[in-house]
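The values are calculated or read from the model by the stated rules, or taken from the named source; none is laboratory data. What you see is a predicted model; the values in this text were computed from it and never measured. Here the Cβ is made from the backbone with ideal geometry for all residues, glycine too, and neighbour counts use every protein chain on show.
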Amino acid sequence: MTPDFVERGHLLTEQANPNSQTLDQMTALEIVDLFNREDAQTIAAIAAARVELAEAIDRTAKALHQGGRLFYIGAGTSGRLGVLDAAECPPTFCTSPELVQGIIAGGAEALVRSSEGLEDRPEDGSEAIAQRQVTDRDVVVGITAGGTTPYVQGALRTARQRGATTILIACVPRHQVSLDTVDIDIRLLVGAEVLAGSTRLKAGTATKLALNILSTGVMVKLGKVYGNRMVDVAVTNTKLHDRALRILQDLTDLSREQAIVLLEQSDRQVKLALLMHWTGLDRLESDRLLAQHQGDLRQAIQTFKTAS
């Protein structure tokens, strides 16, 4: 039997859901209600993986703090979700595009046109890791709902060989698919899909939730958040400009007009603007103080208070 025709019917992600056996006979409202009930399982799945997700946050934050990078790699829906999460880091946290990267089988074209056939080539996943010169400072997250995607397995094997921290996100139990090439094994067990085998549904939703938690948690640990505010937001359009001003107003006693002046004085860097306001330091002094604490605003403020 060739790998292309390995039996996968036993996988949780491929099984038929007994709650949706009459899906094609349901009214629109019944379909909505069914999805609503089934989607509740995504929250439970995240809760069950809380320990592994927390470990992933801590280890990834440590790696990035030491100069490493975070890579998501997957095919189809899984790959698209990884690319999406990576693409949202620069505007939200003002990170460089190189810090968090999404890799999808088939490249950029696969984002808008299905190319699922490319997921069957483990050598392509391996090559993707080699091309990006992954090292022992990096973290590679393999995303595969069914856990069997050769492209992802090839990537994880090569990443492990290169000494990178490896993380798996899958939606099948370990006894169905076990990988010895990962350091952290995250299983999001959402059960059978409403539409059998369509892992863009519950599996995709749970994966998106997990990636939200992982990337946001990592950025919190890297000091890119103050309280619950995105103080490293990239002010690149009118919406984000308004958000930056509101953050300054909410966290200080400044009027809108004063916040505008302060934001411009800080070269539209919210974190720097806050430090300037709270310490009375000029821009260059504030910049140096932030740099001493690797951009952690709370630590920089504490150091200033202690020194004062």
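Could you look through the range 117-134, keep only residues that are in a loop (DSSP other than H, G, I, E, B) and touching a residue at least 60 places away in the same chain (Cβ under 8 Å), and pick out the one that is surrounded by the most Cβ atoms within 10 Å (Cβ to Cβ)?
Filtering the range 117-134 for residues in a loop (DSSP other than H, G, I, E, B) gives 121, 132-134.
Of the ones still in play, those that are also touching a residue at least 60 places away in the same chain (Cβ under 8 Å) are 132, 134.
Values: ARG132: 17, VAL134: 23.
Checked the range 117-134; the qualifying residue surrounded by the most Cβ atoms within 10 Å (Cβ to Cβ) is VAL134.
Return the residues of the range 177-196 that are crowded, with 17+ Cβ neighbours inside 10 Å and closer than 13 Å to LEU12 by Cβ; say none if nothing qualifies.
Selection gives VAL177, ARG187, LEU188, LEU189, VAL190, GLY191, ALA192, GLU193.
Within the range 200-210, does at least one residue satisfy the condition of being assigned to a loop (DSSP other than H, G, I, E, B), under 17 Å from THR148 (Cα atoms), at pLDDT 95 or above and under 22 Å from the mean Cα position of the chain (by Cα)? Show your work before the answer.
Restricting attention to the range 200-210, the residues satisfying the condition of being assigned to a loop (DSSP other than H, G, I, E, B) are 200-201.
If we keep only those that are under 17 Å from THR148 (Cα atoms) too, we end up with 200.
Those left that are additionally at pLDDT 95 or above: 200.
Of the ones still in play, those that are also under 22 Å from the mean Cα position of the chain (by Cα) are 200.
Yes, that holds for at least one residue.
Please go through the range 272-281 and pick out each residue that is touching a helix residue (DSSP H, G or I) at 6+ places or on another chain (Cβ under 7 Å) and free of Cβ contacts under 8 Å to residues at least 40 places away in the same chain. Step through it out loud before you land on a result.
Residues of the range 272-281 touching a helix residue (DSSP H, G or I) at 6+ places or on another chain (Cβ under 7 Å): 272-279, 281.
Across the range 272-281, the qualifying residues are LEU272, ALA273, LEU275, MET276, HIS277, TRP278, THR279, LEU281.
Taking the residues in the range 153-173 that are among the aliphatic types (A, V, I, L, M) and farther than 22 Å from ALA196 by Cα as candidates, determine which candidate is surrounded by the fewest Cβ atoms within 10 Å (Cβ to Cβ).
Just the residues of the range 153-173 that are among the aliphatic types (A, V, I, L, M), to begin with: 155-156, 159, 164, 167-170, 172.
Checking the rest, the ones that are also farther than 22 Å from ALA196 by Cα come to 155-156, 159, 164, 167-168.
On the way: ALA155: 32, LEU156: 28, ALA159: 32, ALA164: 23, ILE167: 27, LEU168: 25.
Selected residue: ALA164.
For a quick check of your reading of the model, give me the residue pairs whose first member lies in the range 31-43 and is within 20 Å of LEU211 (Cβ to Cβ), whose second is of a type in the set (Lys, Arg) and in a helix (DSSP H, G or I), with beta-carbon atoms closer than 6 Å and at least 6 apart or on different chains.
Close Cβ pairs (under 6 Å, with a partner that is of a type in the set (Lys, Arg) and in a helix (DSSP H, G or I)) amount to THR42/LYS202.
Matching residues to (1) within 13 Å of THR135 (Cα to Cα); (2) modelled with pLDDT under 95:
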residue: GLN153; (1), (2): no, no
residue: LEU156; (1), (2): yes, no
residue: ALA159; (1), (2): yes, no
residue: ALA164; (1), (2): yes, no
residue: LEU168; (1), (2): no, no
residue: VAL172; (1), (2): no, no
residue: VAL177; (1), (2): no, yes
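State whether the residues of the range 19-37 include one that is out of contact with any helix residue (DSSP H, G or I) (no Cβ under 9 Å at 6 or more places or on another chain), within 30 Å of PRO122 (Cβ to Cβ) and surrounded by fewer than 15 Cβ atoms within 10 Å (Cβ to Cβ).
No, the conditions are met nowhere in the range 19-37.
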